[in-house]
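The values are calculated or read from the model by the stated rules, or taken from the named source; none is laboratory data. Because the structure is predicted, anything quoted here is derived from the model rather than measured. No Cβ is skipped: glycine too gets one built from the backbone with ideal geometry, and neighbour counts run over all protein chains shown.
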Amino acid sequence: MTRLIEQAFELAKQRFSAIGVDVDAAMAQLDQLPISMHCWQGDDVRGFENPQGALTGGIQATGNYPGKARSAAELRADLDQAMSLIPGPKRLNLHAIYLESDSPVERNAIEPKHFANWVEWAKRNKLGLDFNPTCFSHPLSADGFTLAHSNPEIRQFWIEHCQASRKVSAWFGEQLGTPSVMNIWVPDGMKDLTVDRLAPRQRLLNSLDEIIKEKLNPEHHIDAVESKLFGIGAESYTVGSNEFCLGYAASRQTALTLDAGHFHPTEVISDKISTAMLYVPRLLLHVSRPVRWDSDHVVLLDDETQAIASEIVRQRLFDKVHIGLDFFDASINRIAAWVIGTRNAKKALLRALLEPSDQLRELELAGDYTARLALLEEQKSLPWQAVWESYCLRHDVPADASWLGDVRNYEQQILSQR
């Protein structure tokens, strides 16, 4: 099998070379593009603060596939298994509720020590860590408001939580030698008609300003703000809308988070990347699959996933765009979901790197739209799969669907015992 893959790879290199694409350079670039896997796929967004508590904030994980992680140790073991089947560089995105402590810790009192085991695990695995304050599934978020709350005491609690989260995030970056991107998303909004839409947004703006007023080393920590169209329980009004977050990120020069499921069903984030990059220094992408709006299905190698990857590569945004995943499917094996989604995101990046983008850009500038379309379509049939399989072999992971056998064995030996 290995010999056949190697033979196919050599032929593929020749095919791509004929259209001016350096396959080895593309693979080398892919090795510089880590994807931040999301920890919450492994336990249905429960965390370890109060794993029996109800999910709120418009978040819902559907399904009850056996074997979800019940502790941080189990979650790390599951991540180890998933990451062993995914080629190339990876990161991990943590939420604040994935802390570890022998006694209860309020969210505004979290400290780096509560995530020490995660950092040690990341060091062993040569991973970067990203972070998120958790502004949902808490008694003080029960009425649907956090950083935009009209009660100053509740609002202050969430400000302090986000400030504490920034310190954790910066510690990640300091310890691991790669900046942690901390994404702030809040569920604030209303189910029905809203009279005053301005006041909550003014409060959210003030809260965010208070959160980020302490300057942190950008080599350790990057702030990002994430918008949403609406959520369950906030169908009529979302405080942190796209316009709000884009305006905030542009005016404060923070990173902007674009989530594939957080817009109108006819919108796609691939078309927003080039616009946002004119105004903000960095983007954080949450790549997901919104079957029905923000349903967070496992990422496929579909048109929009490919369009997102192509936009990153065509504009050479490698140092300005951070790629993360965001889905939580509890109806299938959770480890398989990680593997499928992350491998697909990497496949999309590889296909984009194998595109003759310089030639296509020249045709476009010359006004030869006929040749541009013809080449765009013809290059889709080139043997990128052979390059992918060779890339997997170089990273000592299965090149085909045989990885599913490893997941099944892990399910029988580990997950079925939980």
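Numbers below:
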| read-out | value |
| --- | --- |
| Matching residues, segment 302-322, being over 21 Å from His264 (Cα atoms) and in contact (Cβ under 8 Å) with a residue 12 or more places away in the chain | Ser310, Ile312, Val313, Arg314, Gln315, Leu317, Phe318, Lys320, Val321, His322 |
| Search result, residues across segment 80-107 that are assigned to a loop (DSSP other than H, G, I, E, B) and over 30 Å from Val387 (Cα atoms) | Leu99, Glu100, Ser101, Asp102, Ser103, Pro104, Val105, Glu106 |
| Any pair with Cβ under 6 angstrom, 6 or more apart, that starts in segment 33-47 at a residue that is on the phi < 0 side of the Ramachandran plot and ends at one that is of a type in the set (Ser, Thr, Tyr) | Ile35/Thr342; Met37/Thr342; Cys39/Tyr98 |
| For Val195: the one exception among (1) over 18 Å from Cys135 (Cα atoms); (2) touching a residue at least 24 places away in the same chain (Cβ under 8 Å); (3) β-branched (Val, Ile, Thr) | (2) |
| Scope segment 206-216; condition surrounded by fewer than 19 Cβ atoms within 10 Å (Cβ to Cβ) and either under 18 Å from Ala234 (Cβ atoms) or without any contact (Cβ under 8 Å) to a residue 24 or more places away in the chain (or both); matching residues | Asn206, Lys213, Lys215 |
| Single unsatisfied condition, Asp143 versus (1) under 20 Å from Ile59 (Cα atoms); (2) of a type in the set (Asp, Glu); (3) buried (at least 19 other Cβ atoms within 10 Å of the Cβ) | (3) |
| Checklist (1) in contact with a helix residue (DSSP H, G or I) (Cβ under 6 Å, 6 or more places away or on another chain); (2) under 16 Å from Glu214 (Cβ atoms) applied to Lys167, failing item | (1) |
| Qualifying positions in segment 28-71 - surrounded by fewer than 20 Cβ atoms within 10 Å (Cβ to Cβ), more than 18 Å from the chain's Cα centre (by Cα) and of a type in the set (A, V, I, L, M) | Ala28, Ala54, Leu55 |
| Criterion: surrounded by fewer than 20 Cβ atoms within 10 Å (Cβ to Cβ) and either of a type in the set (Asp, Glu) or touching a Cys at 6+ places or on another chain (Cβ under 8 Å) (or both) - qualifying residue of Asp196, Asp188 | Asp196 |
| Answer residue from segment 247-293, given it is of a type in the set (D, E, K, R) and surrounded by fewer than 22 Cβ atoms within 10 Å (Cβ to Cβ) and is farthest from Trp338 (Cα to Cα) among those | Arg252 |
| Flag if Ala224 is in contact with a strand residue (DSSP E or B) (Cβ under 6 Å, 6 or more places away or on another chain), in a helix (DSSP H, G or I) and closer than 25 Å to Pro200 by Cα | no |
| Number of the exception - Cys135 against (1) touching a residue at least 60 places away in the same chain (Cβ under 8 Å); (2) part of a helix (DSSP H, G or I); (3) in contact with a Phe, Trp or Tyr (Cβ under 7 Å, 6 or more places away or on another chain); (4) not aliphatic (A, V, I, L, M) | (2) |
| Flag if Leu99 is in contact (Cβ under 8 Å) with a residue 12 or more places away in the chain, of a type outside the set (Val, Ile, Thr) and buried (at least 21 other Cβ atoms within 10 Å of the Cβ) | yes |
| Those residues of segment 300-321 which are more than 15 Å from the chain's Cα centre (by Cα) and aliphatic (A, V, I, L, M), in sequence order | Leu301, Ala307, Val313, Leu317 |
| Residue, modelled with the lowest pLDDT, within segment 35-79, restricted to residues that are in a loop (DSSP other than H, G, I, E, B) and among the β-branched types (Val, Ile, Thr) | Ile59 |
| Criterion (in a strand (DSSP E or B) and either under 21 Å from the mean Cα position of the chain (by Cα) or not hydroxyl-bearing (Ser, Thr, Tyr) (or both)) met by exactly one of Leu256, Leu246 | Leu256 |
| Residue check, Leu75 in contact (Cβ under 8 Å) with a residue 24 or more places away in the chain and under 17 Å from the mean Cα position of the chain (by Cα) | no |
| Of all residues in segment 1-27 being of a type in the set (Gly, Ala, Ser) and surrounded by fewer than 17 Cβ atoms within 10 Å (Cβ to Cβ), the one that is nearest to Leu92 (Cα to Cα) | Ala25 |
